[in-house]
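First the structure, in the form of structure tokens, and then the observations on it.
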Amino acid sequence: MKKFPIDDFQEVVDDVLVRHRSILDILTKLQESTGKINRAVAKSATYCGCIKIHGEKQEVPMDASYSQLKKYMSNHVQGELCDICKEKVEHELASNFFYLTALCNVFNINIEDMLSNYNEQLKALGKYGLL
Ligand SMILES: [Zn+2]
């Protein structure tokens, strides 16, 4: 599969974003699209039922090392998104990324450079660099 050039995407977003070019529109649309992601995931559980969300306290043995934590931590999702729900979640994620890209464009932030820098930070700091 050919890699998707993110620079192309930044240009396309810049070309097609006509109505909501104001930073105020971009910020509020970005936030709105995040809410739509949450709604799509919630509806997968409550309306479709292809997934169940079972939140509970994470149980980690007292003697577990930091490097072992990952295997004890649950994402609290049971099942998998069906094709319809996955398509909806992907659509909302893409829309979110569209407005995130628009925000980057306003400030002349190159996404590939930004992610490359962040990737290097993550690799250098490892698990201690996470928020
Ligand atoms: Zn579903």
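What distance in nm separates the two pseudo spin-label positions at N108 and E120, each 7 Å out from Cα along the beta-carbon direction?
Here the answer is 2.0 nm between the modelled labels.
Show me the chymotrypsin sites (Phe, Trp or Tyr not before Pro) within region 59-131 that DSSP assigns to loop and that have at most 15 other Cβ atoms within 10 Å of their Cβ.
Those satisfying the criteria are F107.
Using each residue's phi in region 45-52, evaluate 6.51 cos²θ - 1.76 cosθ + 1.60 at θ = phi - 60° and report the 3J(HN,Hα) Karplus result to the nearest Hz, with x for Gly and Pro.
7, 8, 9, 7, x, 5, 10, 10
Run down the lysines and flag those whose C-alpha is under 21 Å from the C-alpha of K36, throwing out any fewer than 8 positions away in its chain.
K52, K86, K88
Considering only DSSP states other than H, G, I, E and B, which GluC sites (Glu not before Pro) in region 3-57 qualify as loop sites with at most 11 other Cβ atoms within 10 Å?
Filter output for region 3-57: E56.
Starting from region 57-131, pick out the GluC sites (Glu not before Pro) whose DSSP state is loop and whose Cβ has at most 14 other Cβ atoms within 10 Å.
E59, E80
For the chain, which span is the longest to avoid every loop-located (per DSSP) member of trypsin sites (Lys or Arg not before Pro) having at most 16 other Cβ atoms inside 10 Å?
In short, 58-131.
Relative to the longest principal Cα axis of the chain, at what angle does helix 83-106 sit, 0 to 90 degrees, rounded to 10?
Once rounded, the angle reads 50 degrees.
Taking a ≥ b ≥ c as the square roots of the Cα gyration tensor eigenvalues, with a/c under 1.5 meaning rounded and otherwise prolate when a/b beats b/c, else oblate, which class fits region 55-131?
oblate
Be a star and scan region 75-115 for residues whose amide nitrogen sits under 15 Å from the point 7 Å along the Cα-to-Cβ vector of Q31.
Only 100 fall inside the zone, counting backbone N under 15 Å.
Efficiency by 1/(1 + (r/R0)^6): what FRET value for L100 and K71, r their Cβ-Cβ distance, R0 = 35 Å, to the nearest 0.05?
Calculated transfer efficiency: 0.65.
Using only Cα atoms and rounding to the nearest 10 degrees, what angle (0 to 90) does helix 23-43 make with the longest principal axis of the chain?
That works out to roughly 40 degrees.
Highest GNM mean-square fluctuation, the chain, Cα pairs closer than 10 Å: which of L93, L69, L115?
For the chain, modelled as a Gaussian network with Cα springs under 10 Å, the answer is L69.
Under a 10 Å cutoff between Cα atoms, tell me which one of A40, A102, A64 has the largest fluctuation in the Gaussian network model of the chain.
Checking each option, the largest mean-square fluctuation is seen for A64.
Run the quick spin-label model on C48 and C82: label points 7 Å from Cα toward the beta carbon, then report their separation in nm to one decimal.
0.8
Is the shape of the chain rounded, prolate or oblate, going by the alpha carbon gyration tensor and its root eigenvalues a ≥ b ≥ c, with a/c under 1.5 for rounded and a/b larger than b/c for prolate?
Because a/c hits 1.5 or more and a/b fails to exceed b/c, the chain counts as oblate.
Only the coordinates and a few stated rules stand behind these numbers; no lab work does. For clarity, every value in this text was computed on a predicted model and none was experimentally measured. Methodologically, a virtual Cβ is constructed for each residue, glycine included, from the backbone with ideal geometry; neighbour enumeration extends over all protein chains shown.
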